[in-house]
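Worksheet for the structure shown next.
Nothing in this text is a laboratory measurement; each read-out follows from the coordinates by a stated rule. Here the structure is a predicted model, which means the values were calculated and not measured. Here the Cβ is made from the backbone with ideal geometry for all residues, glycine too, and neighbour counts use every protein chain on show.
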Amino acid sequence: MEIVREISSIRRKKRSNVASKLFLNIKKVPQLYLLAVLPIVYILIFKYIPMYGAVIAFQDYVPHKGFFGSNWVGLKHFKNFFDSYEFWNVIKNTLGLSFYSVLAGFPFPIFLALCLNYVSRSSVRKTVQMITYAPHFISMVVMMGIIIQLLDPKTGIVNMIIAQIGFEKVDFFGNPDNFKSLYVWSGIWQHAGFGCIIYLSALAAIDPSLHEAAVMDGASKVQRMWHVDIPGILPVAIVMMILSVGNLMDVGFEKVLLMQNPLNLSTSEVIDTYVYKVGLLSTGIKYSYASAIGLFTSVINLILLFMVNKAAKTLGKTSLW
């Protein structure tokens with residue numbers, strides 16, 4: 001009993017020390033903590049409090065009855081989703097699109113940042129940055145309109161060039177096999193430039209003396225990239241990879257829906273569009289069914305995040321926490 005009392009007293013002292021240190025920090029720099037109030041309030045109101053709404057995944061939710069008046073049905077909606085004939089197709093499409101996006105898109109911002117880091121002329125560097133950053137700020141609807149017009153089988157510039165070369169025109173959006181590549185590579189074109197900003201910041205933080213020593217040893221630019229730059233930005237790259245895997249089940253909704261048509265539906269139907277059509281567009285809005293699917297994907301993402309974070313911490317000593 002005395003040991004238990006000692007342990008509890010030590011814990012109380014630690015908690016009091018932490019509280020006193022926090023109070024002293026707030027007293028020293030109250031402006032910084034005041035700036036943090038609004039983001040914290042925003043996260044609480046719009047991120048944590050709405051989590052209570054996840055209970056409707058276990059109910060036959062009726063809006064006028066509310067959370068407390070609706071009937072509890074347990075795992076009924078999860079079972080309906082697992083037993084649906086579209087389940088394996090949407091899971092396959094979602095995971096396939098996600099893995100393709102991560103594997104193909106992850107290296108491009110790094111490669112672009114490494115190249116820009118060695119451009120000596122500031123005018124050239126700024127021009128390249130502006131050109132590569134610009135697509136990120138274009139509305140997704142406008143971007144998809146541009147891509148659809150460029151790849152149109154009759155009037156698109158790409159197909160006109162293909163016809164002039166002597167080949168047959170290609171119906172890019174009519175062939176289901178083309179959907180994943182169109183989605184991924186158009187995304188790389190749109191976001192790679194903006195994504196390299198993080199890596200440029202990481203490269204700027206590398207000690208210049210390492211490059212000076214490498215130059216003195218006769219290292220080329222490629223060797224400096226491999227032995228100085230890549231190890232320097234590796235912790236940041238690992239964190240970005242963990243975050244990417246943590247969103248593996250969230251392919252996105254807007255872009256996929258804009259690219260869909262009846263011809264490519266077999267490869268373009270992902271979880272987000274399936275929820276939208278079955279849960280929200282079908283006769284009688286199925287709030288509970290849509291919430292069950294959303295909760296399922298969130299749990300899978302959370303599990304993947306913990307697994308990848310643990311693996312990264314074990315192997316590379318770099319992790320989110």
Completion exercise
Where a ≥ b ≥ c are root eigenvalues of the Cα gyration tensor, a/c under 1.5 meaning rounded, otherwise prolate if a/b exceeds b/c and oblate otherwise, region 202-321 counts as prolate
Exercise for the section: Please list the non-local residues whose amide H lies under 5 Å from the amide H of Gln59, H modeled 1.01 Å from N, same-chain partners needing a gap of 5 or more. Expected result: Val73
Fill in the blank from the handout: The farthest towards the positive end of the charge dipole of region 207-321, of the residues Tyr274, Ile242, Ala213, given +1 on Cβ of Lys and Arg and -1 on Cβ of Asp and Glu, is Tyr274
Practice task
Quick one: divide the alpha-carbon radius of gyration of the chain by 2.2 N^0.38 Å and tell me what you get.
Solution key: 1.30
Exercise for the section: Divide by every residue of the chain the summed helix terms, -39500 (n - 2.57) for each DSSP H run of at least 4, and state the resulting mean residue ellipticity at 222 nm, rounded to the nearest 500 deg cm²/dmol. Expected result: -21000 deg cm²/dmol
Exercise for the section: Once you've got the Cα coordinates, tell me which of Lys180/Lys221; Lys180/Lys277; Lys21/Lys313; Lys76/Lys277; Lys255/Lys277 are over 24 Å apart. Expected result: Lys180/Lys221; Lys21/Lys313
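Of the peptides 243-250, 24-31, how do they stack up when ordered by the mean number of other Cβ atoms within 10 Å, highest first?
Per-residue Cβ counts within 10 Å, averaged per peptide and sorted highest first, yield 243-250, 24-31.
Multiplying the sequence separation of Tyr118 and Asn261 by 0.36 nm and subtracting their Cα-Cα distance, what value in nm do you get?
Full extension from Tyr118 to Asn261 adds 47.1 nm.
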Fill in the blank from the handout: For region 49-63, in residue order, the Karplus 3J(HN,Hα) values (coefficients 6.51, -1.76, 1.60; θ = phi - 60°; whole Hz; Gly and Pro = x) are 4, x, 4, 4, x, 5, 5, 5, 5, 10, 10, 8, 6, 10, x
Completion exercise
Over all pairs of different Cα atoms in region 187-231, the reciprocal of the mean inverse distance gives a Kirkwood radius in Å of 11.7
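About its Cα centre, how strong a charge dipole does the chain have in debye, to the nearest 20, once Lys and Arg get +1 and Asp and Glu get -1 at the Cβ? Spell out each step's value before the answer.
Details: 28 positive and 17 negative charges, 306 e Å.
My answer is approximately 1460 debye.
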Handout entry: Rg followed by Dmax, in Å, when region 92-194 is reduced to its Cα trace
Key = 16.1, 46
